[in-house]
Structures are given as structure tokens and as C-alpha cells.
1. Counting only residues that are assigned to a loop (DSSP other than H, G, I, E, B), in contact (Cβ under 8 Å) with a residue 12 or more places away in the chain, more than 29 Å from residue 103 (Cα to Cα) and open to solvent by 50 Å² or more (accessible area, probe 1.4 Å), how many does the range 165-206 have?
2. Could you check how many residues of the range 129-164 are open to solvent by less than 40 Å² (accessible area, probe 1.4 Å) and either in contact with an Asp or Glu (Cβ under 7 Å, 6 or more places away or on another chain) or of a type in the set (Phe, Trp, Tyr) (or both)?
3. Can you say whether residue 144 is farther than 22 Å from residue 6 by Cβ and not β-branched (Val, Ile, Thr), as far as the supplied structure shows?
4. Out of 114, 135, report the one residue that is touching a residue at least 12 places away in the same chain (Cβ under 8 Å), within 14 Å of the ligand (Cβ to nearest atom) and under 19 Å from residue 51 (Cβ atoms).
5. Testing residue 141 on (1) of a type outside the set (Gly, Ala, Ser); (2) farther than 30 Å from residue 60 by Cα; (3) modelled with pLDDT of 85 or more, one condition comes back false. Which one is that?
6. What number of residues within the range 84-111 satisfy the criterion of being farther than 17 Å from residue 60 by Cβ and within 7 Å of the ligand (Cβ to nearest atom)?
7. Any residue that is of a type in the set (Asp, Glu), within 10 Å of the ligand (Cβ to nearest atom) and touching a residue at least 12 places away in the same chain (Cβ under 8 Å) - is there at least one of those in the range 121-132?
8. With the condition being open to solvent by 80 Å² or more (accessible area, probe 1.4 Å) and more than 30 Å from residue 222 (Cβ to Cβ), I'd like the helices (runs of 4 or more DSSP H) fully within the range 1-120 carrying at least 1 qualifying residues.
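The values are calculated or read from the model by the stated rules, or taken from the named source; none is laboratory data. Predicted, not measured: the structure shown is a model, and the values here were computed from it. FYI the Cβ positions are ideal-geometry reconstructions off the backbone, even for glycines, and counts take in every protein chain you see. Only protein heavy atoms, including side chains, enter the accessible area calculation; ligands, DNA and RNA are left aside. Shrake-Rupley method; radii C 1.70, N 1.55, O 1.52, S 1.80 Å.
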Amino acid sequence: MRIDILTILPDLLQGPFSDSIMKRAQDKGHLELEVHDIRAYSKDKHKKVDDYQYGGGAGMVMTIEPIAAVIEKLKSERDYDEIIYMTPDGELLEQSIANEFSLKGNLMILCGHYKGVDERIREHFITREISIGSYVLSGGELGAAVLVDSVVRLIPGVLNDETSALTDSFQDDMLSPPVYTRPPEYNGWKVPEVLLSGDFGKIEAWREEKAMERTLNRRPDLLKEDGKGN
Ligand code: ADE
């Protein structure tokens, strides 16, 4: 998979992709990631990428020219399955969206700032708008990092058996059951006996019961018809 991220703060995105699973995905050739500095495409002599909004009001708006220039350049090099804009008024990121994007070949992600981008960018280039939650971040970069992480770990071969995504919370609209590891007793706190029994039928039944209990207690909305409380 190839992912291109468009940002005015490229340094902010170095950390999340240079460690652990995201780094391994790139080293193993599952992910080709490029971060593009929108400012480099500004024709302004001070490399300005924002301006006052028409009609007045507080807050700057990201201008159309540099963003259009980088999108057009990338589109001339390959076809994109989705051109995604990170924004608090987008579709809420869910596991189902991560699953869907993990099957794509080329994704482009635009990170907004200030009051957002000139609406014409959204109308003419953007194919999906994604929010990572009902709160406002200073920019789309952290949201883009969250989105990419949730997608890339699902690409076949990225995770090994020990970190398999199949048993993740949300994969079957259920939260995961509790997990334990050695020692079997710490400070008098014991690991549930069933997990040490070696009886895999019983262990599976216990896990299902605990997953259901946890989902009912914490996220009963997941058990409703469409997983969104309807
Ligand atoms: N940019 C600012 N806030 C955001 C959010 N909640 N999700 C995605 N992008 C954002």
C-alpha cells in the first residue's frame, strides 16, 4: 500500500511512523509512506499557505493553490483510491473504515489547520472526510497518524501471530476479554484458574463470556443492530 500525507508540519509526522509496527511495515515493503510539505508548493515569496476568510470572521483558511498543486502532481503520478481530508466534521473513524481502507492500494491524506481548507478543495478533490473523534485538534496530523496506524496494522503480513489483528477489540463488534501473563500469582492476586487449566474449550467459553460482559458494561451500543446504537 502507498500512503501520501499532505501537511504544513511534516516534522510532526516523523515520530509515529519511525518506530515499532509502522516502521516494520515500511521496512518489510508493506507500506510506502511519503509525507509532503504543502509549504514547498506555495508560490508566495514568504511561503504563505493561509489567508483571511471571505466575509470576515476570526481564523485563517488554508489556500487552494499550494494544496491543489501537490494533489495534481501526485494524481499525475498514480491513481488514488481515496483522497481523504482529516476534519472534525468528517465521518467518525470506526474499525469498519480501517478494514475498508486496508484493502486499498493508494491513499492520499490531507491534514487541515486553522479554520480548515478552502471549501473548493473539499468539493473538487476530496473523496472521503474522516474525523477521529468529537473534539477539535490543532491540526489533522495526529488524526492522520491514528488513521494510518489503524489501517496499516491490518495489511496482511504486517502483524505476526502474537499481534494478530483478528482478535482485536471491535473486529466482531465486541470488546476483547481480559488478558493475563506470568506470574500466576502476584501480591496474592491470582490469574483466573480456567486460563491455567489447559482445557481450550473451557478457555474459549470463558473468553467469550468475559468479552460479552465487558461489551455489555462498557459499550452496549456495539451490540445494537448497526453498532452505532440504532
Ligand atoms: N482535525 C482537527 N480535529 C480533528 C478531528 N477530531 N479528527 C480529524 N481531524 C481533525
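1. 2
2. Result for the range 129-164: 2.
3. Numbers: farther than 22 Å from residue 6 by Cβ: no; not β-branched (Val, Ile, Thr): yes.
Spelling it out, it is not the case that residue 144 is farther than 22 Å from residue 6 by Cβ and not β-branched (Val, Ile, Thr).
4. On the way: 135 fails: under 19 Å from residue 51 (Cβ atoms).
Among 114, 135, only 114 is touching a residue at least 12 places away in the same chain (Cβ under 8 Å), within 14 Å of the ligand (Cβ to nearest atom) and under 19 Å from residue 51 (Cβ atoms).
5. Unmet for residue 141, out of (1) of a type outside the set (Gly, Ala, Ser); (2) farther than 30 Å from residue 60 by Cα; (3) modelled with pLDDT of 85 or more: (2).
6. So the count comes out to 2.
7. Start the filter on the range 121-132 by keeping residues that are of a type in the set (Asp, Glu), which leaves 123, 129.
Filter once more, so that each one left must be within 10 Å of the ligand (Cβ to nearest atom): 129.
Filter once more, keeping what is touching a residue at least 12 places away in the same chain (Cβ under 8 Å): 129.
Yes; the residues of the range 121-132 include at least one that is of a type in the set (Asp, Glu), within 10 Å of the ligand (Cβ to nearest atom) and touching a residue at least 12 places away in the same chain (Cβ under 8 Å).
8. Details: elements: 20-27, 64-77, 95-102.
Those helices (runs of 4 or more DSSP H) span 20-27, 64-77.
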